[in-house]
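Notes for the one structure printed next.
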Amino acid sequence: MKYSKSLLLVLFGAGLFSIASCDEDDVPCVESVWYQDTDGDGLGNAAINQSACEQPAGYVLDDTDTDDSGTVAASGTPVSAFDDFNSDAVTISFDGDEITIESNGVPNHTSPYWDSNNSLYIDPVIANADQMSPGTIGSRSYSLTVSSDPQIASSSSSTGLGAIGIGISGAPIFNDEEGPNSSLSENVASGFDYAGGHMGPTGYHYHLECADVEENTTLSQDDEQLVGILQDGFLIYGRKCNATEDYPGDLDESGGHTSSTQHSDGGEFYHYHIINEFYVGEYILLFGGDLKGTPNGIM
Ligand SMILES: [Zn+2]
Ligand SMILES: [Zn+2]
């Protein structure tokens, strides 16, 4: 219970202020205006507010939420995620409601797929040299433009041969296809470097999660690190989720779910994870499902 303003004026006017109730609940307080936060992203809806001394449940002091409906934070893809990309290879451009990711495809980690004169060249750590594909890592050109607030489409889309996303190193992410109607075999995978990548006709690319080796200093391995962005604009993270610091138990068939991550400051948004299961042998595929959003071309 609190005093109405008129009652306070009466109390002051009558000189009775000093004998105002000794019940602490009745002591006048400083009221703040609180704004409704339906989606729980910490941002409030300016249109729905109430004044109170204490924070009412579901209300916050912020009044800047432009879309407080639904369970997904209105902020879309958290911009800070793009800080995790290799800036030597990847350029990110923000243009209103679109984000463009451009890359020269040149990763920032060691590999036996580098020319032996390159400082990042190493002898194979896990790759079976006989199964390594021909060619060495070189500069390419990839460009992907996605919505800054991608939505789940009414139907899923299967992925095709070639780049389906761009990894944080700048090298592209492929699915489980090694050629037309030819899915990845244990034999082919044995020629991959520790990063889960190899050379193809269009350049160096990843199929698998990075192996558990001490040589790896940049890529996700059984953790919650960002892996990259897929062509429907949704981010893909490692096998664990920052929201629970464990393997998420609520993934859909594409490995996606809606939760916060280390980039979203508590806001929830849809993202993929590497699914925590073996694909062939003991190899873990980066992404083998259908895209839940609308795919954009990777040029
Ligand atoms: Zn390949
Ligand atoms: Zn997650």
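The number of residues in the range 149-184 that are assigned to a loop (DSSP other than H, G, I, E, B) and either touching a helix residue (DSSP H, G or I) at 6+ places or on another chain (Cβ under 6 Å) or on the phi < 0 side of the Ramachandran plot (or both) comes to 22. Cβ separations smaller than 9 Å between residues 6+ apart or across chains give the following pairs from the range 177-195 residues that are hydroxyl-bearing (Ser, Thr, Tyr) to residues that are surrounded by fewer than 14 Cβ atoms within 10 Å (Cβ to Cβ) and not in a loop (DSSP other than H, G, I, E, B): SER190/ASP130.
Filtering TYR279, TYR247, TYR272 for residues that are of a type outside the set (Asp, Glu) and closer than 22 Å to THR100 by Cα leaves a single hit, TYR272. Going through the range 283-299 one residue at a time, which ones are part of a loop (DSSP other than H, G, I, E, B) and in contact with an Asp or Glu (Cβ under 9 Å, 6 or more places away or on another chain)? Once the filter is applied, which keeps residues that are part of a loop (DSSP other than H, G, I, E, B) and in contact with an Asp or Glu (Cβ under 9 Å, 6 or more places away or on another chain), the range 283-299 yields ILE284, LEU286, PHE287, GLY288, GLY289, ASP290, LYS292, GLY293, THR294, PRO295, ASN296. Where strands (runs of 3 or more DSSP E) fall entirely within the range 45-128, those with at least 1 residues that are polar (S, T, N, Q) and touching a Leu at 6+ places or on another chain (Cβ under 8 Å) are at 98-103. Looking at GLY238, GLY267, GLY233, GLY228 in this structure, which one is within 16 Å of ligand 1 (Cβ to nearest atom), crowded, with 19+ Cβ neighbours inside 10 Å, closer than 18 Å to SER80 by Cβ and not β-branched (Val, Ile, Thr)? Exactly one of GLY238, GLY267, GLY233, GLY228 is within 16 Å of ligand 1 (Cβ to nearest atom), crowded, with 19+ Cβ neighbours inside 10 Å, closer than 18 Å to SER80 by Cβ and not β-branched (Val, Ile, Thr), namely GLY228.
Hey, among the residues in the range 158-177 that are open to solvent by 30 Å² or more (accessible area, probe 1.4 Å) and touching a Gly at 6+ places or on another chain (Cβ under 8 Å), which one's farthest from ligand 2 (Cβ to nearest atom)? Filtering the range 158-177 for residues that are open to solvent by 30 Å² or more (accessible area, probe 1.4 Å) and touching a Gly at 6+ places or on another chain (Cβ under 8 Å), the one farthest from ligand 2 (Cβ to nearest atom) comes out as LEU161.
Evaluate the following for ASP222: is it at negative phi and either within 12 Å of ligand 2 (Cβ to nearest atom) or among the acidic types (Asp, Glu) (or both)? When the stated conditions are applied, ASP222 does not pass them. When each of ILE92, ILE152, ILE126, ILE137 is tested for being β-branched (Val, Ile, Thr), in contact (Cβ under 8 Å) with a residue 60 or more places away in the chain and over 30 Å from SER190 (Cβ atoms), the lone residue that passes is ILE152.
Of all residues in the range 229-255, those satisfying the criterion of being out of contact with any Phe, Trp or Tyr (no Cβ under 7 Å at 6 or more places or on another chain) and among the small types (Gly, Ala, Ser) are GLY233, GLY238, ALA243, GLY249. Residues in the range 206-225 that are within 16 Å of ligand 1 (Cβ to nearest atom) and either without any contact (Cβ under 8 Å) to a residue 60 or more places away in the chain or acidic (Asp, Glu) (or both): GLU209, CYS210. Total residues in the range 191-204 satisfying the condition of being surrounded by fewer than 24 Cβ atoms within 10 Å (Cβ to Cβ) and not in a loop (DSSP other than H, G, I, E, B): the figure is 3.
The values are calculated or read from the model by the stated rules, or taken from the named source; none is laboratory data. Only a predicted model underlies this, so the values are computations on that prediction, with no experimental measurement involved. Reconstructed Cβ throughout: ideal geometry from the backbone, glycine too, with neighbour counts over all protein chains shown. Quick note on the areas: whole protein, heavy atoms, side chains included, nothing else; ligands and nucleic acids left out. Shrake-Rupley method; radii C 1.70, N 1.55, O 1.52, S 1.80 Å.
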